[in-house]
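This report refers to the structure that appears directly beneath it.
The values are calculated or read from the model by the stated rules, or taken from the named source; none is laboratory data. This one's a predicted model, so the numbers in the text were calculated from it and none came from an experiment. Note that each Cβ is placed from the backbone with ideal geometry, even for glycine, and that neighbours are counted across all protein chains shown.
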Amino acid sequence: MGNMDHINSGDETAIIPVIDMAATKEDTWEDTARPRLPHTGFGGYQPAAVDAAIGDYERRLGQAKSQANSAWAQHDLVVAQQRELIEENKRLAAHNEQLRDQLEQARHDAANSIEALAKQQQGFVNDCRARGERLVQEAQQQCDQLTARAQQEADKTVAAAHTQADQMVASAQQTAKELTERGQAAVQEGERQAARIVEDANRQSEQQTRQAQGEADRIVKDATAHAQQVQAECDRMVAQAREQAAHAKGVYTEYMEKLRALADKLNSVV
């Protein structure tokens, strides 16, 4: 199970899962101890040739393990990038709080100047829209990059494993012509090991791809929801500011009408 990081963003708490490694790299490999083959001197296979072939299988198997370890390193890189995204979300939450303070200041300024309020509200709306669009765009770019890197590494791992397996099978088939029945058993074991390598590599690549895609979808969803919340708050503040401006204008008009009526009355008396 992955850990869960909580981030306070205004009135909401976003829960972002953190992927961790379920097992060590050593847990992903079965015991690959070198098989023991008996030697015979009654016209059987040559021990040196068989030992050399088995040693070559072991070397190739070690290379395949190294490639799988590289896939684990890529997994760690994706986790680190995910944590960076969590820190970025924290920064955005702090910035959101700063925007709330700016909204309060805008309310105060609206009571003093209708013209200044109109300019501020328009600038605030433009800023909110630009920030929302930028957040969604940046999140989408990060998700696309993570998914692309994970897919590339997975494809490389699978391709390398297939190549390794094909080479091992071809070498085993060529050597089988020169070995006895006991030597043929060693070739079959090498083929089984190659098949296991391919199966493990395919399973790891599929898992990495699913995790990267899920993380990418979640980031886009969170960024879109955040942008929608910011836009809704902007619309609400604009509507409220317009109502206040209309009310102030009405009061001003009523006051001017009363002054005109009073002036007319005074003029009639004189």
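Out of contact with any helix residue (DSSP H, G or I) (no Cβ under 6 Å at 6 or more places or on another chain) and either at pLDDT below 85 or among the aromatic types (F, W, Y) (or both), is that true of R59? No: the conditions fail for R59. Could you go through region 234-257 and let me know if any residue there is surrounded by 11 or more Cβ atoms within 10 Å (Cβ to Cβ), assigned to a helix (DSSP H, G or I) and in contact with a Cys (Cβ under 8 Å, 6 or more places away or on another chain). The answer is yes, given that some residue of region 234-257 is surrounded by 11 or more Cβ atoms within 10 Å (Cβ to Cβ), assigned to a helix (DSSP H, G or I) and in contact with a Cys (Cβ under 8 Å, 6 or more places away or on another chain).
Here's the yes/no breakdown for (1) assigned to a helix (DSSP H, G or I); (2) surrounded by 15 or more Cβ atoms within 10 Å (Cβ to Cβ); (3) in contact with a strand residue (DSSP E or B) (Cβ under 6 Å, 6 or more places away or on another chain); (4) modelled with pLDDT under 75:
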residue	(1), (2), (3), (4)
A161	yes, yes, no, yes
Q167	yes, no, no, no
L179	no, yes, no, yes
A185	yes, no, no, yes
R196	yes, yes, no, no
R203	yes, no, no, no
A216	yes, yes, no, yes
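Scanning region 121-154 for residues being of a type outside the set (D, E, K, R) and free of Cβ contacts under 8 Å to residues at least 40 places away in the same chain gives a total of 9.
A Cβ distance below 6 Å, combined with a sequence gap of six or more or placement on separate chains, defines the contacts here; from region 228-240, residues that are in contact (Cβ under 8 Å) with a residue 24 or more places away in the chain reach residues that are assigned to a helix (DSSP H, G or I) in the pairs V230/C128; V230/G132; Q231/G132; C234/V125; C234/C128; M237/L103; V238/Q121; V238/V125.
Residue by residue, here is whether (1) among the β-branched types (V, I, T); (2) under 30 Å from V230 (Cβ atoms) holds:
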position	(1), (2)
G62	no, no
S70	no, no
A73	no, no
L77	no, no
A80	no, yes
I86	yes, yes
L92	no, yes
E97	no, yes
D101	no, yes
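Within region 69-80, not a single residue is among the charged types (D, E, K, R), surrounded by 15 or more Cβ atoms within 10 Å (Cβ to Cβ) and assigned to a helix (DSSP H, G or I).
Scanning region 189-208 for residues that are touching a residue at least 12 places away in the same chain (Cβ under 8 Å) and not charged (D, E, K, R) yields G190, Q193, A194, A195, I197, V198, A201, N202, Q204, S205, Q208.
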